[in-house]
Structure formats: structure tokens, C-alpha cells
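Below is one structure, written out as C-alpha cells; comments come after it.
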Amino acid sequence: MLASRNLNLGNEGFVIQRRKFNNINTTIIAAYKDIGVLYGVFAFIQLLQTRQPISNVSITSVPKIKNRVLNHWDNLNRSVERGYAGISIWNWHTLPGYIDQRYIDYARANASWYQRNRTH
């Protein structure tokens with residue numbers, strides 16, 4: 001599908017389309033790299049969770065920036081630079097031996113964020 005469209009998605013871009021295959025309505029999430037598929041899946045889940053129509057979905061997404069960066073304000077002493085957030089979730093002294101479930105949830109939340117251009 002991607003090869004026939006000559007898309008410049010880069011490493012993190014993706015396509016979500018609704019197509020018919022053998023008379024069966026199918027949603028396709030495609031990318032050139034695995035990370036693009038991950039972002040596409042998260043985008044599709046977001047559509048479902050926000051009850052957006054998907055019957056004719058056609059999204060092409062290409063990040064506006066080359067690298068996604070998380071602007072995190074935690075200090076190594078577990079204080080948070082912007083004091084309204086409470087103490088840090090990171091117990092730096094226990095890493096890497098102990099991985100709190102919150103770290104996994106945090107990583108998934110960060111992976112689900114994407115910056116995109118939507119074209120229909």
C-alpha cells in the first residue's frame with residue numbers, strides 16, 4: 001500500500017485508511033518503520049476512545065519535527081522544578097533494578113503522544 005503511493009512519511013509517520021478487501025471492510029494502519037505503526041495504532045485508539053467516526057477514516061500523518069522530546073522537569077533529588085506537581089515519581093536510586101508500574105504507564109503515555117499533520 002505505501003509503496004504504491006510514494007509517501008514521504010519518514011521514520012515515524014503513518015497512514016490509517018479504511019479499505020475493502022475481499023468484500024470485507026478493513027482498517028489499515030501502515031508505516032515504513034515499526035515506530036510509525038506504534039504511533040498509528042495509538043492515533044487509531046484515540047479516535048475510538050473519543051468516539052470519532054472511523055467508517056471512512058483516511059489519515060496521513062507525518063511528524064513536524066524530526067525527534068520527539070519530552071520536556072520533563074524532575075530533578076535527581078526527587079523535587080519537581082515547577083513545585084505544584086508534588087514530588088517526582090522517579091526513585092532514581094532504585095533504578096535499574098526495580099521498575100515501578102508507573103514508569104511503564106508513563107512510557108506508554110509518552111509513546112501515545114504524537115505530533116502530526118492530518119490530511120483527509
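The values are calculated or read from the model by the stated rules, or taken from the named source; none is laboratory data. Just so it is clear, the model here is predicted, and its values are computed rather than measured. Because the Cβ atoms are built from the backbone with ideal geometry, glycine has one as well, and the counts that use them run over all protein chains shown.
List pairs: first residue in segment 40-65 and touching a residue at least 24 places away in the same chain (Cβ under 8 Å) and surrounded by 11 or more Cβ atoms within 10 Å (Cβ to Cβ), second residue in a loop (DSSP other than H, G, I, E, B) and of a type in the set (D, E) anywhere in the structure, Cβ distance under 9 angstrom, at least six positions apart or on different chains.
Here the result reads S61/E12; V62/E12; P63/E12, each pair linking segment 40-65 to a residue that is in a loop (DSSP other than H, G, I, E, B) and of a type in the set (D, E).
Somewhere in segment 97-117, is a residue at pLDDT 80 or above, surrounded by 10 or more Cβ atoms within 10 Å (Cβ to Cβ) and touching a Lys or Arg at 6+ places or on another chain (Cβ under 9 Å)?
For segment 97-117, residues at pLDDT 80 or above, surrounded by 10 or more Cβ atoms within 10 Å (Cβ to Cβ) and touching a Lys or Arg at 6+ places or on another chain (Cβ under 9 Å): absent.
Suppose the filter is over 13 Å from the mean Cα position of the chain (by Cα), in a loop (DSSP other than H, G, I, E, B) and basic (K, R); does K20 pass it?
In short, no.
Rundown of residues vs (1) modelled with pLDDT of 90 or more; (2) among the charged types (D, E, K, R); (3) in contact with an Asp or Glu (Cβ under 7 Å, 6 or more places away or on another chain); (4) under 21 Å from G13 (Cα atoms), yes/no style:
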residue	(1), (2), (3), (4)
L47	yes, no, no, yes
R68	no, yes, no, yes
D74	no, yes, no, no
L95	no, no, no, no
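T26 fails exactly one of the following numbered conditions: (1) within 18 Å of the chain's Cα centre (by Cα); (2) at pLDDT 90 or above; (3) of a type in the set (S, T, Y). What is the number of that condition?
It fails just one condition, (1).
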